[in-house]
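Only one structure is covered here, and it is reproduced in the block below.
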Amino acid sequence: MKFTTLFAPLALLAPTFASPIINASASADSPTIVDALTSVNQTTVKFGNVIVNWNGGLLGTVPVLAESTALLVTVKKGTSIAEHSEPLDNDGALAVAGTTQSLVASVNTTLTTLIEARPKFDKLLLTPIIVLNLKIQRDATADLSEAIIAKVPEALQAIAKNLVAPIDQSFATAIDAYEA
């Protein structure tokens, strides 16, 4: 039980250490917004798979924490990439839209999986940590969305906002499920 006492504060601190390190200078070799979204999507899927494969044991929460932190880092890096990117043209916005649609599906699936895993977290008394983590992830994801939407041509920004809206709705559903 002492591991639980140590684990909870460490889990709360993990997002604090998840700060992006990225070269602010733009070049032909710099990652694009599509690259960033693809990376976020891949990390989201990986996190979902870790939740699916978790047996509910305390030691099994270590990979859950690691992937959750990796996801937060990836989202923050994506935000930095978007902030340092040039404005998108219509073709670029279309490419981002396609990648975003894949991400929306992955986020919904992963958060649904996380909701289904709540009894396992309840058993370990970790539900409050999951709520906090979800709120941090939601805020980071909103920052990423805002940074990308700012790069979309003004005429397409309303469409871009509608495209990412289901992500925030999925987070709201997951947070509500864990706060209930």
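Hey, does the stretch 129-136 have a residue that's outside any helix (DSSP H, G or I) and either under 11 Å from the mean Cα position of the chain (by Cα) or more than 20 Å from THR38 (Cα to Cα) (or both)? Before the answer, list the steps.
Here is the first cut: in the stretch 129-136, the residues outside any helix (DSSP H, G or I) are none.
No: zero hits.
Step by step: first the residues of the stretch 28-46, then only those that are modelled with pLDDT under 95 and of a type in the set (Ser, Thr, Tyr), then the one that is surrounded by the most Cβ atoms within 10 Å (Cβ to Cβ). Which residue is that?
Here is the first cut: in the stretch 28-46, the ones modelled with pLDDT under 95 are 28-32.
Checking which are of a type in the set (Ser, Thr, Tyr) leaves us with 30, 32.
Values: SER30: 15, THR32: 18.
Restricting to residues being modelled with pLDDT under 95 and of a type in the set (Ser, Thr, Tyr), the top hit is THR32.
Only one of these is closer than 15 Å to ILE167 by Cα and β-branched (Val, Ile, Thr): THR61, THR32, THR110, THR79. Name it. I'd like the intermediate steps shown before the answer.
Numbers: THR61 fails: closer than 15 Å to ILE167 by Cα; THR32 fails: closer than 15 Å to ILE167 by Cα; THR79 fails: closer than 15 Å to ILE167 by Cα.
Every option except THR110 fails the conditions.
Considering only the stretch 103-159, state which residues are within 24 Å of ASN90 (Cβ to Cβ), in contact (Cβ under 8 Å) with a residue 12 or more places away in the chain and of a type in the set (D, E, K, R).
Scanning the stretch 103-159 gives a single hit, LYS151.
I need the full set of residues from the stretch 123-139 which are loosely packed, with under 15 Cβ neighbours inside 10 Å and under 13 Å from THR61 (Cβ atoms), in order please.
Answer for the stretch 123-139, where residues must be loosely packed, with under 15 Cβ neighbours inside 10 Å and under 13 Å from THR61 (Cβ atoms): LYS123, LEU125.
For the stretch 77-126, which positions are within 17 Å of LYS151 (Cβ to Cβ), within 14 Å of the chain's Cα centre (by Cα) and not small (Gly, Ala, Ser)?
LYS77, THR79, THR100, LEU103
The values are calculated or read from the model by the stated rules, or taken from the named source; none is laboratory data. Please read these numbers as outputs of a predicted model, since none were measured by experiment. Every residue, glycine among them, receives a Cβ derived from its backbone with ideal geometry; neighbour counts consider all protein chains shown.
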